[in-house]
């Protein structure tokens, strides 16, 4: 069966859009600046209205620009690996096997190495930020003031809409792959990687929705840590696979000589 190129290109474009949306989430989804009424309501819900001054929270908020979450941007690590794997598989159906075999291992190795470095950096950053947020939130009153001002409010509605859009893109891409060529669904590694991507998005969405608004930034960081770990696991798998592929090519060349 020949590759249905339009469907394959559509799948690549959809996953590419996912990565672009995830990378741009920090711009598209800024944290909302809380009003006095929002701050008072959250303090009452946390029973901290007697310990934390609303004016101090507002002052801290004016001096510290609210920062976006990490959960959605971190999904780009996993989806970037999906895009790389899918691109290499598609290339194997379009270019001569001899040329593809020589290039695939090197491209996979470089991509996996970049993902490993990025994943480790992202993981360390997420853990550090999580520890900072938890320590501030529990340090009443001044630490709690700082936490509420910088991380106490989260654009949960925008994040939910973005995650829904990403999930739609990924499901549509998976359907396009199934229709483009059966070989894609026969590749267990690719299927597991795409399922990991879907699971990561669902997990981030769950962590955003099951806690009070004031704690979403903390659970978002937890989600980012889990996504980074998933990305690192797959980066290691791709790195080992690339090394095996390169060694196989070198062995064949030596045999030919």
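The values are calculated or read from the model by the stated rules, or taken from the named source; none is laboratory data. All of these numbers come straight from a predicted model, not from anything done at the bench. Here the Cβ is made from the backbone with ideal geometry for all residues, glycine too, and neighbour counts use every protein chain on show.
Tell me which of these residue 240 doesn't satisfy, since it passes every other one: (1) surrounded by 16 or more Cβ atoms within 10 Å (Cβ to Cβ); (2) free of Cβ contacts under 8 Å to residues at least 60 places away in the same chain.
Of everything listed in (1) surrounded by 16 or more Cβ atoms within 10 Å (Cβ to Cβ); (2) free of Cβ contacts under 8 Å to residues at least 60 places away in the same chain, residue 240 misses just condition (1).
In the stretch 222-237, how many are buried (at least 21 other Cβ atoms within 10 Å of the Cβ) and either at pLDDT below 85 or farther than 13 Å from residue 200 by Cβ (or both)?
Qualifying residue count for the region: 1.
Identify all residues within the stretch 4-22 that are more than 15 Å from the chain's Cα centre (by Cα) and surrounded by 15 or more Cβ atoms within 10 Å (Cβ to Cβ); write none if there are none.
7, 8, 10, 11, 12, 14
Is it true that some residue in the stretch 174-193 is in contact with a helix residue (DSSP H, G or I) (Cβ under 7 Å, 6 or more places away or on another chain), within 26 Å of residue 131 (Cα to Cα) and surrounded by 16 or more Cβ atoms within 10 Å (Cβ to Cβ)?
No, there is no match, as no residue in the stretch 174-193 is in contact with a helix residue (DSSP H, G or I) (Cβ under 7 Å, 6 or more places away or on another chain), within 26 Å of residue 131 (Cα to Cα) and surrounded by 16 or more Cβ atoms within 10 Å (Cβ to Cβ).
Could you identify the single residue in 123, 148 that is closer than 15 Å to residue 231 by Cα, touching a residue at least 60 places away in the same chain (Cβ under 8 Å), out of contact with any strand residue (DSSP E or B) (no Cβ under 7 Å at 6 or more places or on another chain) and buried (at least 16 other Cβ atoms within 10 Å of the Cβ)?
123
Considering only the stretch 65-82, I want to know if a residue exists there that is modelled with pLDDT of 85 or more, surrounded by 14 or more Cβ atoms within 10 Å (Cβ to Cβ) and closer than 19 Å to residue 243 by Cα.
Within the stretch 65-82, one or more residues are modelled with pLDDT of 85 or more, surrounded by 14 or more Cβ atoms within 10 Å (Cβ to Cβ) and closer than 19 Å to residue 243 by Cα.
Does residue 202 satisfy the condition of being closer than 22 Å to residue 22 by Cα and either buried (at least 19 other Cβ atoms within 10 Å of the Cβ) or at pLDDT below 80 (or both)?
Criteria not met by residue 202.
Within the stretch 93-114, is even one residue within 25 Å of residue 205 (Cα to Cα), modelled with pLDDT of 65 or more and either surrounded by fewer than 16 Cβ atoms within 10 Å (Cβ to Cβ) or within 29 Å of the chain's Cα centre (by Cα) (or both)?
Scanning the stretch 93-114 turns up no residue that is within 25 Å of residue 205 (Cα to Cα), modelled with pLDDT of 65 or more and either surrounded by fewer than 16 Cβ atoms within 10 Å (Cβ to Cβ) or within 29 Å of the chain's Cα centre (by Cα) (or both).
Any residue at all in the stretch 131-150 that is within 15 Å of the chain's Cα centre (by Cα) and either in a helix (DSSP H, G or I) or more than 30 Å from residue 250 (Cα to Cα) (or both)?
For the stretch 131-150, residues within 15 Å of the chain's Cα centre (by Cα) and either in a helix (DSSP H, G or I) or more than 30 Å from residue 250 (Cα to Cα) (or both): absent.
Would you be able to say whether some residue in the stretch 23-32 is over 18 Å from the mean Cα position of the chain (by Cα), within 24 Å of residue 171 (Cβ to Cβ), modelled with pLDDT under 75 and outside any loop (DSSP other than H, G, I, E, B)?
No, that holds for no residue.
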